[in-house]
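See below for the structure under consideration.
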Amino acid sequence: MMLKSILPRLRNIILRLAALLLLSVALVNIATGNAIALPSVFPTGTTIYDPVRAYNSYVLFSAPDGNTHLIDMDGNEVHRWNKFGFPPEMLDPAQTNGEKGHILVQLENGISPFGDIFANQEVGELDWNGTVVWRWGTQAPGGRACQNHDISRLPNGNTLLLTTIEHRVAGVSDRAIADQKIVEVSKDGEIVWSWTAGDHLNEFGISPRGRALLRQAYSSSKQEFGGFLTLNDMQPVGPNPWFDAGDKRFAPDNIVIDSREISFIAIIDKQTGKIVWRLGPDYLTENQQTQEATAVARTSLRPRFSLSTPRPVDQTSGQHDAHLIPQGLPGAGNLLVFDNEGPSGFPPTRLSVEPGSRILEIDPQTKIIVWQYTGIDSDQPSWGFYSSFISSARRLPNGNTLIDEGMTGRLFQVTPSGEIVWEYVNPYYSRQKLDFDREVSVNWVYRAQPIPYSWVPDNTPHTEAAIEPPQNSEFRVTQLPNGRQ
Ligand SMILES: O=[N+]([O-])c1ccc(OS(=O)(=O)O)cc1
């Protein structure tokens, strides 16, 4: 009788102990088995590669060493141009008389682009051999291009540049501050269209409190790096299903921009200069359905993001590389953005205690997140994937996404479910001061772009040998005595 009543309790205790054991094993695995941002020793080059599940291509990026690198999946550098691109942009051979391998870069910046990026002299087009075939700078107002953060060759052969100008922005500051001007430059170097961000302050959705904070920040502080909004992305909308269905806001030659400092993403109408579509900057007020829900959201100290999709956009903070996924790719027409979850916003966005960047794919009509990637989707803590600034995300033809976790120089490809099927750590370091007075060693990558094998001149090699990574929890630089772990 006694035994009969004890048995179920005993079974319960054993089950609980087993569950506890499984949980602790899982936690130890999570703690020891995954990469955490920037340990002082780690491999560079390709660290993971599954040639069957990855989308196989070259990858183009500029590095702090001042060069632009083209690598294959195994991390071999197959080509190098000795100029830095901010970012480098591959040109379609259809726009270069059929010649393969042309890119847009900055011509004058050397190995320390951080200090110079808002004051560069000249941008240009390089052919495969590095010969300058087009340049623009001396014809710019003031004789300097001052291009930063983005550049794009248009279908009509003109070049669209994001530039920095000194401008007294009414409502922000009584003195001239750094503002952002988009210019379209013809082949002969004439500015044929321009748009200045500071003239459109009222269209960015900044709240009265945000406006007051902006004024306060710029009346007291010295000139901030990058100016009051830092546009870090500027690309034509491109052909898309929304325009085809009659929505003029998505006209292919309209321009997508995003602002690192004010956390909004917007589309500029090329004809009128007006903002015709916008996401942010104050997401909670936009997306909460009721006054009551807004109050709850505003009083909770730190955001906790849902891991399930679809759901309305909750926020972006200091985001980068917002663009419509080009036609022909899975998700075409949706907005893909690297949501850094970095410090940003007037008023400042609330950030999680456990940091983590996110890739968000958003239906621009409904403003619903239809897919997202966080470190958690790769079985890592949220901070296993984090870059508070720079960075990019690009959809690939097989549905994978190429991500540049810019701050750590880690480029990787994830499947739709978040499995990492290719990973590469930028080995091209240089010493830079960044925001401080002392030089440090950095391998950051502003933007990484997939480049089809067909883009390069014939006979350019590439290899596709699988790379199976070691288990971090078992990998040692030297073996411990007696094989101890
Ligand atoms: O480290 N950099 O060279 C650097 C830092 C910030 C930056 O601006 S951001 O808006 O892209 O974060 C660009 C480059």
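The values are calculated or read from the model by the stated rules, or taken from the named source; none is laboratory data. Everything numeric in this text was worked out from a predicted model, so none of it was measured. Neighbour counts are summed over all protein chains in view; Cβ atoms, including those assigned to glycine, are modelled from backbone coordinates with ideal geometry.
Residues of region 412-435 being within 16 Å of the ligand (Cβ to nearest atom), surrounded by fewer than 23 Cβ atoms within 10 Å (Cβ to Cβ) and in contact (Cβ under 8 Å) with a residue 40 or more places away in the chain, which ones? Y428, Y429, S430, Q432, K433, L434, D435 - these are the residues of region 412-435 that are within 16 Å of the ligand (Cβ to nearest atom), surrounded by fewer than 23 Cβ atoms within 10 Å (Cβ to Cβ) and in contact (Cβ under 8 Å) with a residue 40 or more places away in the chain. Where strands (runs of 3 or more DSSP E) fall wholly inside region 227-279, the ranges with 2 or more residues that are touching a strand residue (DSSP E or B) at 6+ places or on another chain (Cβ under 9 Å) and surrounded by fewer than 22 Cβ atoms within 10 Å (Cβ to Cβ) are 231-236, 275-279.
For region 360-378, a residue qualifies if it is among the aliphatic types (A, V, I, L, M) and under 12 Å from V313 (Cα atoms), and the qualifying residues are L360, I362, I368, I369, V370.
Conditions tested, residue by residue: (1) within 15 Å of the ligand (Cβ to nearest atom); (2) touching a residue at least 60 places away in the same chain (Cβ under 8 Å); (3) not hydrophobic (A, V, I, L, M, F, W, C).
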site	(1), (2), (3)
N443	yes, yes, yes
Y446	yes, yes, yes
I451	no, yes, no
P461	no, yes, yes
P469	no, yes, yes
F475	no, no, no
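The sole residue among E423, E464 that is touching a strand residue (DSSP E or B) at 6+ places or on another chain (Cβ under 9 Å), modelled with pLDDT of 95 or more and part of a loop (DSSP other than H, G, I, E, B) is E464. Specify the residue that is farthest from L229 (Cα to Cα); the eligible residues are those in region 133-182 that are of a type in the set (V, I, T) and modelled with pLDDT of 95 or more. In this case the residue turns out to be V133.
Number of residues in region 344-366 that are touching a strand residue (DSSP E or B) at 6+ places or on another chain (Cβ under 6 Å) and either among the charged types (D, E, K, R) or part of a loop (DSSP other than H, G, I, E, B) (or both): the value is 4. Confirm whether A35 is at pLDDT 95 or above, away from the ligand (no atom under 16 Å from the Cβ), assigned to a loop (DSSP other than H, G, I, E, B) and surrounded by 15 or more Cβ atoms within 10 Å (Cβ to Cβ). The answer is no for A35. Candidates are the residues of region 388-402 that are in contact with a Phe, Trp or Tyr (Cβ under 8 Å, 6 or more places away or on another chain) and within 16 Å of the ligand (Cβ to nearest atom); the one that is farthest from P450 (Cα to Cα) is I390. All of (1) of a type outside the set (V, I, T); (2) out of contact with any Phe, Trp or Tyr (no Cβ under 8 Å at 6 or more places or on another chain); (3) under 20 Å from Q319 (Cβ atoms); (4) modelled with pLDDT under 95 hold for P236 with one exception: (4).
Remark: pairs (first residue in region 164-187, of a type in the set (K, R); second residue loosely packed, with under 14 Cβ neighbours inside 10 Å; Cβ separation under 6 Å; 6+ apart in sequence or on different chains) = R168/A176; K187/G157. Restricting region 38-68 to residues that are in contact (Cβ under 8 Å) with a residue 60 or more places away in the chain and within 16 Å of the ligand (Cβ to nearest atom) leaves a set whose member that is nearest to Y386 (Cα to Cα) is L38. If you filter region 192-201 down to residues that are without any contact (Cβ under 8 Å) to a residue 40 or more places away in the chain and part of a strand (DSSP E or B), you find that the one that is farthest from the chain's Cα centre (by Cα) is V192. Taking the condition surrounded by fewer than 11 Cβ atoms within 10 Å (Cβ to Cβ), farther than 23 Å from G101 by Cα, more than 19 Å from the chain's Cα centre (by Cα) and of a type in the set (K, R), does R438 pass? Judged against the criteria, R438 is a match. Number of residues in region 114-151 that are away from the ligand (no atom under 16 Å from the Cβ), of a type in the set (G, A, S) and either surrounded by fewer than 17 Cβ atoms within 10 Å (Cβ to Cβ) or not in a loop (DSSP other than H, G, I, E, B) (or both) equals 4.
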